[in-house]
Amino acid sequence: MSLHPSRIFLIGPMGAGKSAIGRELAQLLKRDFLDADREIEHRTGVDIPLIFEKEGEAGFRRREREIIAELSQRDNIVLATGGGAVLDAAHREHLADRGFVVYLKASPEALSDRTGHNQNRPLLATDKDHETRLRELYAIRKPYYEALAQLTIATDHGHVRALARQIVRELEQPAAPIQHAG
């Protein structure tokens, strides 16, 4: 019997590595990798910025709510959620009740470096510089990430494969909940 939970949910800010680490983690655990944002794009046939433009953040969050409610019930998955998914009480309940939640933690500086040239991030399309906006979003979301997490992994340093392997090692530890300082 596997020591690893059937459902692993990755939370954290945009740019923390949820998609890249999630794909690697799923491969290591021989699981399906699902990305909530990519699933929304696939089902709507348009990218996230266009959804924000046409429906606003509220429309996007409604779509996200439906996707996470559905995907969080699938077995043998690693699911990368959007950075703001933790703001919704229903999401938090689904994630906490249905699987093991891993918080990928990154500093605003690292997040800014990783997202600075990405045009696919509508919440960063403001008149503020990226790092300032990321700090604002992080300040709001950080308490939710920390409260929901069963495992926290710092992603500022380290390669994707090494970070995914670190998660696997932590999952194999007998005690839970797990907190990895970082």
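Listing for the model above:
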{"read-out": "Evaluation of P143 against (1) in contact with a Phe, Trp or Tyr (Cβ under 6 Å, 6 or more places away or on another chain); (2) modelled with pLDDT of 90 or more (one fails), failing number", "value": "(1)"}
{"read-out": "Candidate set: the range 26-47, residues that are in contact with a Phe, Trp or Tyr (Cβ under 8 Å, 6 or more places away or on another chain) and not polar (S, T, N, Q); chosen: the one modelled with the lowest pLDDT", "value": "I40"}
{"read-out": "Exclusive hit being within 26 Å of R135 (Cα to Cα), of a type outside the set (S, T, Y) and in contact with an Asp or Glu (Cβ under 8 Å, 6 or more places away or on another chain), set D47, D35", "value": "D47"}
{"read-out": "Pair list, Cβ < 6 Å and 6+ apart or interchain, from the range 10-30 residues that are closer than 13 Å to I77 by Cβ to residues that are open to solvent by 10 Å² or more (accessible area, probe 1.4 Å) and at pLDDT 95 or above", "value": "G22/F33; R23/F33; A26/F33"}
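The values are calculated or read from the model by the stated rules, or taken from the named source; none is laboratory data. Quantities reported herein were computed from a predicted structural model and do not represent experimental measurements. In this analysis, Cβ positions are derived from the backbone assuming ideal geometry, glycine residues included, and neighbour counts consider all displayed protein chains. Quick note on the areas: whole protein, heavy atoms, side chains included, nothing else; ligands and nucleic acids left out. Shrake-Rupley method; radii C 1.70, N 1.55, O 1.52, S 1.80 Å.
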